[in-house]
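I have placed the structure first, in the form of structure tokens, so that the comments after it can refer back to it.
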Amino acid sequence: MDNTDLAQHISRQYDQELEDVRNRVLAMGGLVEDQIQKAIEALINSDSELGESVVLEDYKVNEMEVSIDEECSRILALRHPTASDLRLVVAIIKTITDLERIGDEAEKIGFLATRLASRPQISNRYRDIKHLGRHVGRMVHDALNTFARLDADEAFNVAKQDEEVDKDYESIMRQLITVMMEDPRTIRQVLDVMWVARSLERIGDHAKNICEYVIYLVHGKDVRHTKLREHDSLAEAEEHLKD
Amino acid sequence: MNTTWKTTLFQLILGLGGVGLLGWLSGYLFPALFLGALSLVFWHLFNLYRLDRWLTRPKRSNPPDAVGIWGQTFYKIHRLQIKNRKRKRRFAQLLREFRKSTTAMPDGTIILNEQNQIEWFNRAAADLLGLVGARDTGQRIDNLIRNPKFISYLESSDFEEALELKSPFHEDIQISVQIIRYGRRDQRLLLVKDVTRLANLERTRRDFVANASHELRTPLTVIGGYLDTMAADDDFPEEWKQPVTQMQQQSRNMTAIVSGLLELSRLESLKTAAPRQVVDLGPLIDGIRSEVMAAFPGKAQIQVKLETSAKLLGHESELHSIFENLITNAVKYSEDGGLVKVRWYLDSNGARLSVSDNGIGIPSEDIPRLTERFYRVDVGRSRETGGTGLGLAITKHALGRHGGTLEIESEVGSGSTFTCHFPEDRVQKPTHRAHLRAV
């Protein structure tokens, strides 16, 4: 709160509107987190019923995106926000797009879980997928936390975790390729598992994007498409941006 | 009027009188009076200025020295200040003690204001939810606990029951949260408890029952199989016929109990709501009716009355077992030649299926415990009529998965009514045309 001084407005109602829409973004985030968790659980426990429920619930995420989007347009049109308020609205509009995509990826995993449930699990019982899923779920969770707390430094740290996710993804890919080469009859289902890993990796990317919007919101600096890995802290990265 | 005021008044009259007299004697009466009054105004103003300076000074200090009425005023303000300071210290002390004691509580406590913002929280809450002191004070609680279940709990105004969820801070911790309202400004207390151990115990129990039942099923199948062969064998010694028939019956009972337990643990472990297949109650209940009539020939008549052609959205075989359990019970506890009425109708918030009998009834103190597994109202009689003691427990769980509730009304001697309430979103109301066709 203290960073963007949302509390400075004379118009209390305006404040309330901004705070409400921020709160709804986080509620949407909560729903998306829940969807990711359920989708992974459905996959690991071969629970086709749970997987199906993830697919069926995706419409809720979409509905929330549309309604938050409308609310943001309304605020832009009526209130003409400036400075940090404008950045907040812009960050929200971008964040919900990413959240919606995460929801879609979760839906995809739910669908694949339903399809995979009827087949025997491949050798390592999705241990690595479970690990990757946990990591990615944690990342989305932390990204939303930084959005709630407007903590740019933490957002930077969370965004950097995406590299690890990418590495995990690559190693899963290599493993799956080995499995396919050993036993070509598994190719069909291994391909499905690959799509799951791919979706999880994409979720990691979207979580990283959300972190970047938080940094933009708090510091007013756009750190997209910069190489975060080269810097140890946000301050250093921003120093680099100035040059 | 106290003495200070009297003195002040006296001094004023004396002073002005003296100045007036001097002026009159020197021939400048009015200028002298004017100067006298002016100096009085200046004196008061000066003291007011000193008072103001003293009050705005940040640190506590002694009041300025003054005589007369001003001295008294300063002194009184000073005394008031001391009193207030003491009271403030006492309150601060109390508050500190109170917070210390709540901090020491093993359960997390969070104070929320009317906008659901965190006003204060204790150590346990910080540990369980990953809150950090200054950073999270003023933050809305639903920004941090984003679980959809929690958000709808917060929005509802029904805080009777606690809600269980995973801690947002650590996914291996299971917490139970409950909101308690207090105060005039709609403040709320959020209690957070660590129930990980309880949840684990509960899971262990569930797994144990499921595994044990599963392990028992295989030997039972073997025993039952041999007993069936023996019973069917005509060359079997006559004196063994009776024991074998009894063993056969008991092993069938045991199989039924084991299947019941397995069904119950399956229902308990399912986290999702029942699927929404369209189920037509007419054929379903007709089927159950003929099954039950065949199982208990000549016991009671079953009268089915479908007052609406509305359909249910649910799991067909679970609905089958719900209704079968209720109808079987009703017939079982009826006298010979009794009447069981099954009624399906709409009400203001959904639909109901009721099964009523004119049998022996249930004592009211037993009704709340009726859906516990293996609970028997009359141990002797239920052994006699057979049954696993799990039917109503299964009914309750399966109904819960459909968002429904079970209501039991009964009077000893005149019969019982079991009513299943189904919520509106599980009921597919007939369209107008379908309704006409049905009529």
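Throughout, read-outs are computed from the coordinates displayed, never taken from laboratory work. Keep in mind that what you see is a predicted model, and the values were worked out from it rather than measured. All Cβ positions, even for glycine, are placed from backbone atoms using ideal geometry, and neighbour counts span all protein chains on display.
Simple point charges give the picture: +1 on the Cβ of Lys and Arg, -1 on the Cβ of Asp and Glu, and for segment B:309-362 a dipole about the Cα centre of about 180 debye. The angle separating the long axis of helix B:3-26 from the principal Cα axis of greatest extent in chain B is about 30 degrees. Near B:Leu312, the amide H atoms lying under 5 Å from its own belong to B:Val279, B:Leu281, B:Gln428; only residues 5 or more places off or on other chains count, and H is placed 1.01 Å from N. Axis angle, to the nearest 10 degrees, between helix B:196-232 and the longest C-alpha principal axis of chain B: 10 degrees. Cross-linked pairs B:Lys59/B:Lys83; B:Lys241/B:Lys332; A:Lys160/A:Lys208; B:Lys59/B:Lys86; B:Lys59/B:Lys100: Cα-Cα separations exceed 18 Å for B:Lys241/B:Lys332; B:Lys59/B:Lys100.
Report summary: the helix-based calculation at 222 nm, which adds -39500 (n - 2.57) for every DSSP H run with n ≥ 4 and divides by the residues of chain B, gives -18000 deg cm²/dmol. Look at A:Cys72, A:Cys211 and count the other Cβ atoms within 10 Å of each Cβ; fewest to most, that gives A:Cys72, A:Cys211. Within the straight-line cut-off of under 20 Å between alpha carbons, the aspartates and glutamates reachable from B:Lys341 are B:Asp280, B:Asp286, B:Glu291, B:Glu307, B:Glu324, B:Asp357, B:Glu407, B:Glu409, B:Glu411, sequence neighbours fewer than 8 places apart in one chain being disregarded.
Can you give the translational diffusion coefficient of segment B:63-216 in µm²/s, computed by Stokes-Einstein from the Kirkwood radius over Cα pairs at 37 °C and 0.692 mPa s? Once the numbers are plugged in, D ends up at 172 µm²/s. Go ahead and run the numbers for FRET between B:His78 and B:Lys166, Cβ-Cβ distance against an R0 of 60 Å, rounding to 0.05. Using R0 = 60 Å, I get an efficiency of 0.55.
From least to most packed, judged by other beta carbons within 10 angstrom and beginning with the fewest, B:Met247, B:Met105 follow the order B:Met105, B:Met247. In whole angstrom, how far apart do the alpha carbon centroids of segment B:168-219 and segment A:7-57 sit? Distance between centres, Cα-based: 22 Å. Exposure proxy shown here: for B:Ser213, B:Ser156, B:Ser410, B:Ser317, the number of other Cβ atoms within 10 Å sets the order, fewest to most, as B:Ser156, B:Ser317, B:Ser213, B:Ser410. For segment B:303-378, applying the loop criterion from DSSP together with a ceiling of 12 other beta carbons within 10 Å to the chymotrypsin sites (Phe, Trp or Tyr not before Pro) yields B:Phe374.
Derived scalar couplings between HN and Hα for segment A:49-56 equal 5, 5, x, 5, 5, 5, 4, 6 Hz in order, rounded to whole Hz, by the Karplus curve 6.51 cos²θ - 1.76 cosθ + 1.60 (θ = phi - 60°), x for Gly and Pro. Kindly list the residues of segment B:284-307 that lie in the label zone of B:Thr417, defined by a backbone N under 16 Å from the point 7 Å along the Cα-to-C-beta vector. Within reach of a label on B:Thr417: B:303-307. Averaged over the residues of peptide B:130-136, the number of Cβ atoms from other protein chains lying within 10 Å of each residue's Cβ is 2. Extending 7 Å from Cα along the Cβ direction at B:Phe46 and again at A:Ser233 yields two label points whose distance is 5.9 nm.
Averaged over peptide A:20-32, the number of partner chain Cβ atoms lying within 10 Å of each residue's Cβ comes to 4. Shown in residue order for segment B:142-153 are the 3J(HN,Hα) couplings computed by the Karplus curve 6.51 cos²θ - 1.76 cosθ + 1.60 at θ = phi - 60°: 7, 6, 9, 9, 9, 3, x, 5, 5, 5, 6, 5 Hz (x for Gly and Pro). Relative to the longest principal axis of the Cα atoms of chain A, the long axis of helix A:162-182 lies at roughly 20 degrees. Per-residue Karplus couplings for segment A:212-224, computed as 6.51 cos²θ - 1.76 cosθ + 1.60 with θ equal to phi - 60°, are listed in order as 5, 5, 5, 4, 4, 5, 7, 9, x, 10, 8, 9, 5 Hz, Gly and Pro entered as x.
How much FRET efficiency would the formula 1/(1 + (r/R0)^6) give for A:Leu191 and A:Glu49, where r is the Cβ-Cβ distance and R0 is 22 Å, rounded to 0.05? Computed FRET efficiency for A:Leu191 and A:Glu49 comes out at 0.40.
Working from label points 7 Å from Cα in the Cα-to-Cβ sense, the A:Lys167 to B:Leu339 distance is 7.9 nm. Full extension of the chain between B:Tyr28 and B:Asp107 gives 20.0 nm of extra length, using 0.36 nm per residue less the Cα-Cα distance. Over the residues of chain A, the helix contribution to mean residue ellipticity at 222 nm works out to -28500 deg cm²/dmol, using -39500 (n - 2.57) for each DSSP H run of at least 4. Which whole-angstrom value gives the distance between the alpha carbon centres of segment A:205-226 and segment A:115-180? Going from one Cα centre to the other spans 20 Å.
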